[in-house]
Structures are given as structure tokens and as C-alpha cells.
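Participant: Here you go, one structure.
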Amino acid sequence: MKKSNKVILVLSDALRYDTAVAGMGFLGHLVETQQASLYKVIGELPSMSRPMYETVHTGLPVSQHGILANYIVRR
């Protein structure tokens with residue numbers, strides 16, 4: 001039987017890195033036991049939720065994907 005790899009992306013918005021590391025015990029345990037990975041994201045400007053989600057999902061900087069504010073919706 002072929003084993004499939006699954007990805008679960010956990011995004012925590014408006015939470016500093018040090019606070020996240022200190023307060024997310026279960027996720028920290030998964031990282032310690034090498035069942036998960038932790039990456040520190042260096043944000044794109046503007047520092048709003050919607051532009052950052054688009055950057056995370058596409059890998060493109062704001063200047064390329066064009067989502068500049070929270071109220072912009074792509075249809």
C-alpha cells in the first residue's frame with residue numbers, strides 16, 4: 001500500500017514568535033519529537049492578515065500577488 005504524505009499548515013495570526021513557542025505546548029512537543037517542523041516567518045509589508053495569507057499560500061511577495069489590504073478579495 002502506498003503511503004501518502006499529508007501536510008497540515010497551522011497559522012497563528014497576530015502572535016509573536018516567542019509567545020507562540022512558549023504557549024503552544026502540544027505543537028512544541030511535535031517539533032521536539034520530529035513529528036512536525038517550526039518555521040519563523042519574516043513578514044511582508046504591509047503587516048496585515050490578508051496580504052500575509054496570500055504570501056504564505058502563493059510564495060509571492062505582495063508586489064507580485066497584489067493583495068495590499070485586508071478588504072481585497074480575489075474572485
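Each reported figure results from applying straightforward, stated rules to the coordinates on display, with no laboratory input. All figures in this text were calculated on a predicted structure; none of them were measured in a lab. Virtual Cβ from ideal backbone geometry, glycine too; neighbours counted across all protein chains shown.
Participant: For the stretch 29-39, take each phi angle, set θ = phi - 60°, evaluate the Karplus expression 6.51 cos²θ - 1.76 cosθ + 1.60, and give the result in whole Hz per residue in order, putting x for glycine and proline.
Facilitator: Karplus-based 3J(HN,Hα) across the stretch 29-39 equals 4, 4, 5, 4, 8, 6, 9, 8, 10, 10, 10 Hz.
Participant: Only counting other Cβ atoms within 10 Å, I'd like Ser12, Ser37 sorted with the fewest neighbours first. Provide the component values of the computation, followed by the final result.
Facilitator: Numbers: Ser12 12, Ser37 7.
The order, fewest Cβ neighbours first, is Ser37, Ser12.
Participant: Now a separate question. Of the chain, which part is the longest with no chymotrypsin sites (Phe, Trp or Tyr not before Pro) in a loop (DSSP not H, G, I, E, B) and with at most 15 other C-beta atoms within 10 angstrom? Don't jump to the answer; show the numbers that get you there.
Facilitator: On the way: sites that count: Tyr39, Tyr71.
After excluding every exposed loop site, the longest remaining stretch is 1-38.
Participant: Now, a different point. Please get the size of the charge dipole for the chain, origin at its Cα centre, with Cβ charges of +1 on Lys and Arg and -1 on Asp and Glu, quoted in debye to the nearest 20. Before the final figure, lay out each step's value.
Facilitator: Numbers: 8 positive and 5 negative charges, 81 e Å.
That gives the chain a dipole magnitude of about 380 debye.
Participant: Specify whether the C-alpha gyration tensor of the chain places it in the rounded, prolate or oblate class, a ≥ b ≥ c being the square roots of the eigenvalues: rounded for a/c under 1.5, otherwise prolate if a/b is larger than b/c and oblate if not. Let's see the in-between values first.
Facilitator: Numbers: a/c = 2.83, a/b = 1.48, b/c = 1.92.
Here the chain falls in the oblate category.
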